[in-house]
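The values are calculated or read from the model by the stated rules, or taken from the named source; none is laboratory data. Quick caveat: nothing in here was measured; it's all calculated off a predicted structure. In this analysis, Cβ positions are derived from the backbone assuming ideal geometry, glycine residues included, and neighbour counts consider all displayed protein chains. Side chains are part of the model used for accessible areas, which takes the heavy atoms of the whole protein and leaves out ligands, DNA and RNA. Shrake-Rupley method; radii C 1.70, N 1.55, O 1.52, S 1.80 Å.
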Amino acid sequence: MLSKKEKALIAEIWESLSPVAEDIGSDALLRMFASFPGTKTYFSHLDISPNSSHLRTHGKKIVLAIADGAKDISQLTVSLAPLQTLHAYQLRIDPTNFKLFSQCMLVTLACHLGEDFTPIAHAAMDKYLSAFAAVLAEKYR
Amino acid sequence: MVQWTDFERATIKAIFAKIDSAVVGPAALSRCLVVYPWTQRYFGKFGNLFNADAIRSNPNVIAHGKVVLDGLARAVQNLDDIKATYAELSVLHSEKLQVDPDNFKLLADCVSIVVAAQLGKDFTPEVQAAFQKFLAVAVSALGKQYY
């Protein structure tokens with residue numbers, strides 16, 4: 001459950017990170033591929049080496065979607081509808097991977113924000129990313 | 001037995017040389033109690049855990065955080081036999097403290113985040129992978145004596 005304060009904090013953080021969406025997104029993806037090599041199996045069609053244009057484009061896409069959802073968290077099911085369909089019928093990424101990506105995103109945020117990634121911001125962000133992942137998997141079955 | 005690459009050994013030892021367990025331990029434990037509030041169930045005797053500030057400044061949390069990190073440091077000294085090193089600790093957590101082993105992973109994730117915040121860019125994806133592999137081994141060893 002996200003409080004009003006937490007939703008505002010989350011929106012604020014993603015607003016500030018949108019300009020560096022490419023950096024944040026590619027960093028999180030690289031961390032996931034390094035720590036959880038099984039996740040690479042979903043990317044055999046892309047060049048996911050550090051700094052590749054594929055990786056940066058894809059990372060940016062993911063971060064902008066997360067940032068967009070953060071603008072109005074109560075409407076996640078509406079704003080994510082197209083992505084729900086994509087993930088359920090086309091990508092079919094096993095949802096346990098969403099947790100792995102979320103953990104790596106939290107690490108990216110910690111590296112990027114340092115002290116500013118306070119326990120309260122961390123808690124709020126973890127809750128948001130869990131909610132985002134849950135909505136993303138809603139059409140799977 | 002766990003196989004460590006030279007890079008992993010060097011990386012894990014370097015991180016522990018760089019961090020102060022009296023700082024990282026309390027930071028990680030208090031973060032865990034804030035981010036995963038249900039973990040507070042094991043700390044009923046610690047006093048005021050009412051909010052993030054109270055948790056952060058709670059002397060019991062601070063003391064215990066250091067104990068936990070010192071425990072991890074012991075595993076670093078015994079990378080090739082963490083299971084044996086932690087046998088007694090595992091029994092303690094299972095029989096006396098009765099901690100659900102799933103909680104170990106939550107605390108480990110918080111340790112990662114605290115170290116990441118401290119090291120910033122130096123906490124590269126490869127460094128993170130090595131560090132998290134170590135934490136996973138420690139977590140697994142801690143759960144080994146449960147039955």
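Values for this structure:
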quantity	calculated
Some residue of the stretch B:78-94 being within 11 Å of the chain's Cα centre (by Cα) and either among the aromatic types (Phe, Trp, Tyr) or not in a helix (DSSP H, G or I) (or both)	no
Single residue of B:Ala136, B:Ala130, B:Ala73, B:Ala63 found to be within 17 Å of the chain's Cα centre (by Cα) and surrounded by 18 or more Cβ atoms within 10 Å (Cβ to Cβ)	B:Ala130
Tabulated pairs, the stretch A:28-39, first in contact (Cβ under 8 Å) with a residue 12 or more places away in the chain and within 9 Å of another protein chain (Cβ to nearest Cβ), second surrounded by fewer than 24 Cβ atoms within 10 Å (Cβ to Cβ) and among the basic types (Lys, Arg), C-beta under 9 angstrom, 6+ apart or interchain	A:Met32/A:Lys40; A:Phe33/A:Lys40; A:Ser35/B:Lys133
Some residue of the stretch A:78-87 being at pLDDT 95 or above, within 14 Å of another protein chain (Cβ to nearest Cβ) and outside any helix (DSSP H, G or I)	no
Yes/no for B:Lys121 being open to solvent by 70 Å² or more (accessible area, probe 1.4 Å) and touching a Cys at 6+ places or on another chain (Cβ under 9 Å)	yes
Residues (in a helix (DSSP H, G or I) and among the aromatic types (Phe, Trp, Tyr)) located in the stretch A:90-141	A:Phe98, A:Phe101, A:Tyr128, A:Phe132
Scan of the stretch B:10-51 for residues that are open to solvent by 70 Å² or more (accessible area, probe 1.4 Å), in a helix (DSSP H, G or I) and either within 27 Å of A:Ala34 (Cα to Cα) or within 13 Å of chain A (Cβ to nearest Cβ) (or both), ordered by number	B:Lys13, B:Ala17, B:Lys18, B:Val23, B:Trp38
Scan of the stretch A:113-128 for residues that are more than 8 Å from chain B (Cβ to nearest Cβ), in contact (Cβ under 8 Å) with a residue 12 or more places away in the chain and surrounded by fewer than 21 Cβ atoms within 10 Å (Cβ to Cβ), ordered by number	A:Ala121, A:Lys127
Hits in the stretch A:10-27 (condition: within 13 Å of chain B (Cβ to nearest Cβ) and surrounded by fewer than 22 Cβ atoms within 10 Å (Cβ to Cβ))	A:Asp23
Close pairs (7 angstrom Cβ cut-off, 6 or more residues apart or separate chains): more than 7 Å from every other protein chain (Cβ to nearest Cβ) and closer than 21 Å to B:Arg56 by Cβ in the stretch B:105-125, part of a helix (DSSP H, G or I) and hydroxyl-bearing (Ser, Thr, Tyr) anywhere	B:Leu106/B:Thr39
Residue within the stretch A:84-94 that is buried (at least 19 other Cβ atoms within 10 Å of the Cβ) and touching a residue at least 60 places away in the same chain (Cβ under 8 Å) present	no
Test: residue in the stretch A:53-65 that is away from chain B (no Cβ under 14 Å), open to solvent by less than 20 Å² (accessible area, probe 1.4 Å) and at pLDDT 95 or above	yes
Options A:Ser44, A:Ser102; residue that is within 20 Å of A:Ala137 (Cα to Cα) and not aliphatic (A, V, I, L, M)	A:Ser102
